[in-house]
1. Tally up the residues in segment 9-18 that are in a helix (DSSP H, G or I) and open to solvent by less than 100 Å² (accessible area, probe 1.4 Å), please.
2. Examine segment 38-49 for a residue that is surrounded by 12 or more Cβ atoms within 10 Å (Cβ to Cβ), of a type in the set (Ser, Thr, Tyr) and modelled with pLDDT of 85 or more, and state whether such a residue exists.
3. Looking at this structure, is Thr6 open to solvent by 60 Å² or more (accessible area, probe 1.4 Å), at pLDDT 90 or above and not in a loop (DSSP other than H, G, I, E, B)?
4. Can you tell me how many residues in segment 19-30 are surrounded by 10 or more Cβ atoms within 10 Å (Cβ to Cβ) and part of a helix (DSSP H, G or I)?
Amino acid sequence: MVMSETELLALLRELDDPQRMERPLSYDRAASAIAFGGLVGRLETNFGVQCEFERDTLHMPR
């Protein structure tokens, strides 16, 4: 399904949290942190290297 730029912008606005526009309405910080940690672990295992990443970005203040 191809969407126009106007349709994409409308969709993004619809998904915004009205109180915190920098994230989606149903954003779950804890679940996102767990999922991201799992991704980092899989990358480290699969590629045999240690990945550097900022953990603080997962725990943004409310």
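The values are calculated or read from the model by the stated rules, or taken from the named source; none is laboratory data. Everything numeric in this text was worked out from a predicted model, so none of it was measured. Here the Cβ is made from the backbone with ideal geometry for all residues, glycine too, and neighbour counts use every protein chain on show. Keep in mind that these areas ignore ligands, DNA and RNA; they rest on the heavy atoms of the full protein, side chains included. Shrake-Rupley method; radii C 1.70, N 1.55, O 1.52, S 1.80 Å.
1. Looking only at segment 9-18, we keep the residues that are in a helix (DSSP H, G or I), and these are 9-15.
Checking which are open to solvent by less than 100 Å² (accessible area, probe 1.4 Å) leaves us with 9-11, 15.
Total meeting the criteria: 4.
2. Looking for residues that are surrounded by 12 or more Cβ atoms within 10 Å (Cβ to Cβ), of a type in the set (Ser, Thr, Tyr) and modelled with pLDDT of 85 or more, one finds none in segment 38-49, hence no.
3. So Thr6 fits the description; yes.
4. Looking only at that region, the number is 1.
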